[in-house]
Structure formats: structure tokens, C-alpha cells
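First up is the structure itself, then whatever we jot down about it.
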Amino acid sequence: MELLKQTIAQIDPPDQQAIKSARERLDSLTKPPGSLGRLEEIAYRLAGIQGQAIPELPREKVMMVLAGDHGVVAEGVSAFPQEVTPQMVANFLRGGAAINVLSRQAGARVVVADIGIAGPPLPWPGLIDCRVKPGTDNFVLGPAMSRTEAVQAIEAGIKLVYQQVQGQPALVGTGEMGIGNTTPSSAILAVFGGLSPREVTGRGTGIDDARLVHKAAVIARAIEVNRPDPNDGLDVLAKVGGLEIAGLAGVILGCAARRLPVVIDGFISGAAALVARSLAPLSREYMFASHLSNEPGHRLMLEMLDLKPMLQLDMRLGEGTGAALAFPLLEAAIRVINEMATFAEAGVSQV
Ligand SMILES: Cc1cc2ncn([C@H]3O[C@H](COP(=O)(O)O)[C@@H](O)[C@H]3O)c2cc1C
Ligand SMILES: O=C(O)c1cccnc1
């Protein structure tokens, strides 16, 4: 609990003076004011995060992929069996998954961590061991994990940032693997948003209509049985969350504490972002929403976080794929503010 408390206490607001100077510089560049749209917002937000008017390109890009399993899969909420979680982790380690391809494209390193895959520990080279327990408990019957386990998983995510990222300037992305994890993500969204499970439940890996109705009913039952307190982020996480969601909340908090921008992937990462924001409201200032997932609740999630997605490609995969695709857009924003000529430099007339 000490590490979590310290980390939250270390999160400062972005540097307002750097933001102001960055906005002035953006307006001095050879383009009509504001004409690069949200790229300009990204540039000045990064200035505020780095604490300098002209943000630097990242020296390091890291995609954090956390894997965990979910007891609630016993209720039949996913189209795929639980063994796909370790099978996909093996695929990540071999470099054959979508996240490997898109991270290579972005020039990012993929970090793969086991925070709670079901079964015995996997002795695979390259797999980072931060196991809290072999999967959550079925949260229809009681809490997914204890409060202590939730804290342990968050702290594992914080430590990953410290161990895997050298420091400023860097870009970090959030990714995950865990069959069944759209179910806790919808549950978290329903609780924090005071929304009905039907509104926020989607098809995940591709369940049919009958299972979709069943999945929403499972989430409704879990909320009824556990009665998570929406004003207590740890309570929500422990009762209806997941280990990789907790770990990603830790990654987000760790980035915010170290003044690193963190690029949030899709629906599951969004649930982790809601948890992080509820534990430390300022952490939101360090988040960038990469894309809008096709999972229907994602739009509501981003509205609650007041974040606008950069891309909308009808993707619904997770793993960090949307975040990897957004990395070059953040780098483009940094290049614009660094490399464009000003009106004065280029001898271009202003109004
Ligand atoms: C082969 C395969 C690769 C994946 N990569 C990410 N997910 C995604 O799907 C899962 C969530 O959906 P649900 O809640 O319906 O199980 C997570 O593992 C998520 O990362 C995958 C799913 C599958 C099947
Ligand atoms: O948006 C996501 O992250 C997502 C959606 C469906 C299944 N897995 C991941």
C-alpha cells in the first residue's frame, strides 16, 4: 500500500507555463492558427507533461502487455476458452501477434508480463513474472480478489514502469490479454458510470445475441452480489475487476508519477484508466486516448474520462494495438512543434 500511496502523492499537475508557451509557439508557426487541429492539442499537452515548451521526441517507446485470467469465464461470457490467454502470451513472446506487428511498425518494445494467468507459473524466457494469483475468482459468487491483492496488482504495474522505462522522454502504451476481460471492464464502467449493464455490455471476442443478454445478466448479478462502492476505486477494482486491469491502472499511475505520457488502448485499458482516475484524478492529465474501440461502452468510457480518441478504425482487439498505432501521431505532434518554421523565420506574412 505504501508504494501506491507514494505514487499517488507524487502525481503533479502538468506544467501550465510550458503549455502556455507551447500554445504561443504553435500559433507562431507557418499555418493558420489551430489548423493542425488536435495535433496541436497533443503537442501542448506533451509540453505540459514534459515541463518544457518544446517537447522532445521519445528516446524509448514501451508497450506494456499484462496478462491475467478471470474466474467469471465459468459463466460462459466469452466466445473463446481460457487456455487462449497463455497461448496468446506464447505468441507475444514469439513476436507473431498483432501487437508485435504494430509495435514493430511503431518502433516500440513489447513488454509481456504475467500478472495472474490461470494455472502454474509459466517458465518462459522473456515473460516477466508479477503473478498475484492464478486468475481472479468468479465475481458472481463474491469479490474477484481481495483489496490486498488489488493493491498488490496495482503496485506490480507501478514497478513495471520503474523497471522497464528509463525515464523522460518516453512513450508508454497499455495493452492486455485475458480471456473474459471485457466482462470486468463492462462491470467497472457500469459501476463508475451508474449505468445499466445492458448499456455497457458488448460482444467482446464475438459472442452471439443470446450470450450477450446472458453476459449483461452476469454483470448485473455480480454488481448486486458485491455492491461495489463507486466512490472507492479500490473497492470497485477488487470486487468486479481483473488483475491485468489493476496492473494497467498501476502502469498509468506510475507513468503519471514519473511525468510520462501514457497512451491508452481500447475498452479494457479504458477500464484501467477509470480506476486510475478514481484513485488519482490528476492521472487523467497524463492519458492519451488512442482509438475508439467497436466495443459499445467505449464511447461512454472516453466521455467519462473527457478524452478524445485519435483514431476510429472499427478495431476491437485490445493487446495495445490501438495504442501502438497512435504512437506515431504523438511523435508527429512533437515534430511539428520542433521542426516547423515560424512566420518570422520563413518570411511569411501574418494577418
Ligand atoms: C485469439 C485472440 C487474441 C486476442 N487478443 C486480444 N484479445 C482480446 O479478447 C479478450 C477479451 O474478450 P472476451 O471478454 O470476449 O474474452 C482479451 O483477451 C482481449 O485482449 C484476444 C482474443 C482472442 C480470442
Ligand atoms: O477494445 C478492446 O480493447 C477490446 C474489445 C473487444 C475484445 N478485446 C478487446
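Could you run the Karplus curve 6.51 cos²θ - 1.76 cosθ + 1.60 with θ = phi - 60° over the range 67-83 and give me ³J(HN,Hα) per residue in whole Hz, x for Gly and Pro?
My calculation for the range 67-83 gives 10, x, 10, 9, x, 5, 4, 4, 7, x, 9, 10, 7, 10, x, 4, 5 Hz in order.
Hey, what did the chain get for relative contact order, percent, Cα under 8 Å, at least 6 apart?
This gives 24 percent for the chain.
Mind checking the range 43-90 for trypsin sites (Lys or Arg not before Pro) that DSSP puts in a loop (not H, G, I, E or B) and that have at most 14 other Cβ atoms within 10 Å?
Qualifying residues, ordered by number: Arg59.
Please list the equivalent ellipsoid semi-axes of the range 167-273, computed as the square roots of five times the alpha-carbon gyration tensor eigenvalues, in descending order and whole angstrom. Numbers along the way, then the final one.
Numbers: eigenvalues 143, 51, 19 Å².
Working through the eigenvalues yields semi-axes of 27, 16, 10 Å.
Can you classify the range 280-346 as rounded, prolate or oblate using the Cα gyration tensor, where a ≥ b ≥ c are the square roots of its eigenvalues, rounded means a/c under 1.5, and otherwise it's prolate if a/b beats b/c and oblate if not?
Prolate, since a/c reaches 1.5 and a/b exceeds b/c.
Thinking of the range 1-96 as a set of Cα atoms, what percent of all their pairs are more than 23 Å apart?
58
Using Cα atoms only, what is the angle between the long axis of helix 209-226 and the major principal axis of the chain, expressed in degrees (0 to 90) to the nearest 10?
For helix 209-226, the angle is close to 80 degrees.
Taking the chain as the reference, fit the longest principal axis to its C-alpha atoms, fit the long axis of helix 38-50 to the helix C-alpha atoms, and give the angle between the two in degrees, 0 to 90, nearest 10.
Orientation of helix 38-50: about 80 degrees from the principal axis.
Which three semi-axes in whole Å describe the equivalent ellipsoid of the range 45-168, each the square root of 5 times a Cα gyration tensor eigenvalue, listed largest first?
Numbers: eigenvalues 182, 72, 37 Å².
In descending order, the three semi-axes are 30, 19, 14 Å.
Only Cα pairs within less than 10 Å get springs; with that Gaussian network setup on the chain, which residue of Gln168, Gln152, Gln312 has the largest fluctuation?
Of Gln168, Gln152, Gln312, the most mobile in the Gaussian network model is Gln312.
Cα centroid distance between the range 43-59 and the range 270-313, in Å?
Taking the Cα centre of the range 270-313 as reference, the centre of the range 43-59 is 21 Å away.
Stick to Cα atoms and the Kirkwood definition of Rh, then tell me Rg/Rh for the range 60-329.
Here the Rg-to-Rh quotient is 0.92.
The numbers here are math on the coordinates, done by the rules we state, and not lab data. This structure is a prediction, so every number in the text was calculated from the model and none was measured. Please note: Cβ atoms are built from the backbone with ideal geometry, for glycine as well, and neighbour counts cover all protein chains shown.
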